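Accompanying notes for the structure given below.
Rule-based calculations on the coordinates, nothing more; no lab input. Keep in mind it's a predicted model, so treat the numbers as computed, not measured. Don't worry about glycine lacking a Cβ; one is built from the backbone with ideal geometry, like all the others, and counts go over all protein chains shown.
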Amino acid sequence: MTAELHTLTGAYALDAVSDVERAEFERHLGACAACRQEVAELRATGARLGVAASADPPPSL
């Protein structure tokens, strides 16, 4: 993997990494509390954004 592991937190939180990157990053998470916290915060933010952006379809649909 060429990317610095710490730069993958956002992509990992959004499930936008390859299987190889995911496995390597998950090994890294076991030893890096800062990345674990950042991933948790990014996932929580993504969930809040998803709820905020949701809308009911118009009745004409």
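Taking only pairs six or more apart or across chains, which ones have beta-carbon atoms under 7 Å, a first residue in region 14-38 that is within 25 Å of Leu49 (Cβ to Cβ) and without any contact (Cβ under 8 Å) to a residue 24 or more places away in the chain, and a second residue that is of a type in the set (Lys, Arg) and outside any loop (DSSP other than H, G, I, E, B)? Every condition considered, the pairs that remain are Leu29/Arg36.
Selection within region 4-58: residues that are acidic (Asp, Glu) and in a helix (DSSP H, G or I). The member of this set that is surrounded by the fewest Cβ atoms within 10 Å (Cβ to Cβ) is Asp19.
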